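Here's the structure we're looking at; comments come further down.
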Amino acid sequence: QVQLVETGGGLVQAGGSLRLSCAASGIRISDYHMGWYRQAPGKSREFVTVITTGRSTRYADSVKGRFTISRDNAKNTVYLEMGSLEPEDTAVYYCNAKWLSQYWGQGTQVTVSS
């Protein structure tokens, strides 16, 4: 059974930082492109960032320069370092694993207060 478990969400003031983790079980993340998506209240889920199996990265324009994705294949974990947080970053953040199959985590809430 595949599980992606996100941790690290919480309440932070604008300008602050958070680090999200996504621990995978049932798959080897080294075989997958790993990404983060987010869904704000009343909005559809949107792409945030991805790190490929070759460690190439891509970011949404809205987070470029503020967020950093990384992966530790030995720990089977992906990270999202979020800095200079803005109230507009408030959302549930979901971890995603994609290759021939696709898997989602249950999400972790990030709330940025102004």
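The values are calculated or read from the model by the stated rules, or taken from the named source; none is laboratory data. Bear in mind the structure is a predicted one, so any value in this text is a computation, not a measurement. Cβ coordinates were reconstructed from backbone atoms using ideal geometry, including for glycine residues, and neighbour counts include every protein chain displayed. The protein model used for the area step is the full one, side chains on, heavy atoms only, and it has no ligands, DNA or RNA in it. Shrake-Rupley method; radii C 1.70, N 1.55, O 1.52, S 1.80 Å.
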| task | Go ahead and set up a Gaussian network model of the chain, Cα springs under 10 Å, then flag whichever of GLY15, GLY83, GLY42 fluctuates most. | result | GLY42
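Give the residue list of trypsin sites (Lys or Arg not before Pro) in region 3-88 that are DSSP loop and have at most 11 other beta-carbon atoms within 10 angstrom. Don't skip to the end; give the middle numbers.
Numbers: sites: ARG19, ARG28, ARG38, LYS43, ARG45, ARG55, ARG58, LYS64, ARG66, ARG71, LYS75; in loops: ARG28, LYS43, ARG45, ARG55, LYS64, ARG66, LYS75.
Qualifying residues, ordered by number: ARG28, LYS43, ARG55, LYS64.
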| request: Report MET82's accessible area, 1.4 Å probe, all protein chains in place, as a number in Å² to the nearest 10. | output: 0
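Restricting to DSSP loop positions (anything but H, G, I, E, B) with no more than 14 other Cβ atoms inside 10 Å of their own Cβ, which chymotrypsin sites (Phe, Trp or Tyr not before Pro) remain in region 7-114?
Working: sites: TYR32, TRP36, TYR37, PHE47, TYR59, PHE67, TYR79, TYR93, TYR94, TRP99, TYR103, TRP104; in loops: TYR32, TRP99.
Answer by residue number: TRP99.
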| Candidates ALA23, ALA97, ALA74: whichever shows maximal mean-square fluctuation once the chain is modelled as a Gaussian network with Cα springs under 10 Å | ALA74
| said: Charges at C-beta only: +1 for Lys and Arg, -1 for Asp and Glu. How large is the resulting dipole of region 14-100 about its Cα centre, in Debye rounded to 20? | reply: 240
| field | Area projected by the alpha carbon convex hull of region 57-101, averaged over all directions, nm² | value | 4.1
| Considering only PHE47, MET82, SER114, whose Cα is most displaced toward the positive end of the charge dipole of the chain, charges sitting on Cβ of Lys, Arg (+1) and Asp, Glu (-1)? | PHE47
| field | Amide H partners (placed H, <5 Å) of ILE27, local residues excluded | value | GLN3
| query | Taking the Cα centre of the chain as the origin and placing charges on Cβ (Lys, Arg +1; Asp, Glu -1), which of GLN102, ALA91, VAL63 is farthest toward the positive end of the dipole? | reply | GLN102
